[in-house]
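Trainee: Quick one: this structure, given as structure tokens, is what I'll be asking you about.
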Amino acid sequence: MASVQNSNVPDAPRIITPTLEELKASAYHTYNIESALEALNQDGFVALKKVVDVAHVNHLNSFMTKEADELVKNNTKPFKQGVESNILQGPPLKYPEYLYNDVFFNPFVIQIMNAYLGANPIFNLITGNNALPKTNGLRQPIHKDITFFHPQNFLNSCSPSSNPTTHHTNWMAADFWLGSHAYTSGQQQVIATPEARLSNAKLRVGEPTCNVLPEVVEARRQVRPPIQPSCEKGDIMLRDLRTWHAGMPNESENYRIMLALGYQAQWYPNHTMRFKAPLSQGNFFMKHAG
């Protein structure tokens with residue numbers, strides 16, 4: 001059965017723990033599907049426990065840690081959200097030994113996405129975020145991962161944040177504003193100005209930036225303040241793209257790496273968010289098409 005809430009944390013997010021039968025079948029039964037959908041619709045967030053092989057996590061972490069050393073040394077990756085604590089770092093897609101089905105095409109994630117977004121959602125994003133070590137006190141601004149006007153009360157893209165690849169068991173990478181996905185529109189985000197357009201070529205003047213207006217944040221804080229969920233290796237966090245969040249400081253000695261995969265409802269006309277995969281690994285990605 002699903003563990004609906006961690007009673008030790010007020011207003012904790014819903015957690016879905018698979019049964020042995022579900023793990024064997026690589027699919028949730030009705031109760032856990034219902035629990036996950038309730039969480040996504042009400043909170044914009046749900047955690048899926050123990051659905052990725054920890055050995056796969058460790059293997060990816062080993063590669064990405066070495067890569068991160070080079071990225072930081074050569075200053076070749078931009079900081080995310082303008083804060084010098086997080087860099088963008090995606091997974092190694094060129095090498096077949098790192099392309100695990102339970103990471104890139106997790107059957108539990110695909111099952112929930114088909115139920116939440118409608119049949120055959122579009123797999124439109126692969127990226128990652130690395131919180132650098134000992135960045136005490138540095139955190140991201142509160143934001144959505146959407147820089148365009150979006151529906152407020154309709155299904156939208158959903159991004160599963162795949163298990164942390166750090167050496168730590170517990171992980172509190174971000175604060176999440178549960179329920180914020182269903183109550184704010186693009187008009188309540190900071191709107192791009194010509195100056196913002198110059199700093200980010202992808203922004204369009206008059207359209208939303210990722211950041212949420214400060215007065216909107218403070219009003220929401222009085223209704224439902226943010227929480228920091230913990231996560232273990234092998235877990236996946238599913239988040240609606242509209243849900244507010246912010247990367248938190250990494251006070252440890254190690255990189256805190258997150259992989260993110262994005263899905264979009266078939267009917268929604270978002271033609272700007274997409275990823276490129278290496279042609280050499282086309283068979284891996286295309287065999288799951290549809």
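Trainee: Which condition number does Ala246 fail, the rest of (1) outside any loop (DSSP other than H, G, I, E, B); (2) surrounded by fewer than 19 Cβ atoms within 10 Å (Cβ to Cβ); (3) touching a His at 6+ places or on another chain (Cβ under 7 Å) being met?
Mentor: Of the numbered conditions (1) outside any loop (DSSP other than H, G, I, E, B); (2) surrounded by fewer than 19 Cβ atoms within 10 Å (Cβ to Cβ); (3) touching a His at 6+ places or on another chain (Cβ under 7 Å), the odd one out for Ala246 is (2).
Trainee: Given the conditions (1) touching a residue at least 40 places away in the same chain (Cβ under 8 Å); (2) surrounded by fewer than 21 Cβ atoms within 10 Å (Cβ to Cβ), report the number of the one that Asn129 does not fulfil.
Mentor: For Asn129, the failing item is (2).
Trainee: Moving on. Determine if segment 70-80 includes at least one residue that is modelled with pLDDT of 85 or more, exposed (fewer than 13 other Cβ atoms within 10 Å of the Cβ) and in contact with a helix residue (DSSP H, G or I) (Cβ under 9 Å, 6 or more places away or on another chain).
Mentor: no
Trainee: Next up: Taking segment 221-241 on its own, how many of its residues are crowded, with 24+ Cβ neighbours inside 10 Å and free of Cβ contacts under 8 Å to residues at least 12 places away in the same chain?
Mentor: Number satisfying all stated conditions: 0.
Trainee: Which residues, taken from segment 1-26, are modelled with pLDDT of 90 or more and within 21 Å of the chain's Cα centre (by Cα)?
Mentor: Arg14, Ile15, Ile16, Thr17, Pro18
Trainee: Does segment 211-224 contain at least one residue that is closer than 17 Å to Gly179 by Cα and under 14 Å from the mean Cα position of the chain (by Cα)?
Mentor: There is no residue in segment 211-224 that is closer than 17 Å to Gly179 by Cα and under 14 Å from the mean Cα position of the chain (by Cα).
Trainee: Before we move on, is Lys202 over 14 Å from the mean Cα position of the chain (by Cα) and surrounded by fewer than 19 Cβ atoms within 10 Å (Cβ to Cβ)?
Mentor: It is true that Lys202 is over 14 Å from the mean Cα position of the chain (by Cα) and surrounded by fewer than 19 Cβ atoms within 10 Å (Cβ to Cβ).
The values are calculated or read from the model by the stated rules, or taken from the named source; none is laboratory data. These figures come from a predicted structure and were not determined experimentally. Note that we place each Cβ from the backbone using ideal geometry, even for glycine, and neighbour counts take in every protein chain shown.
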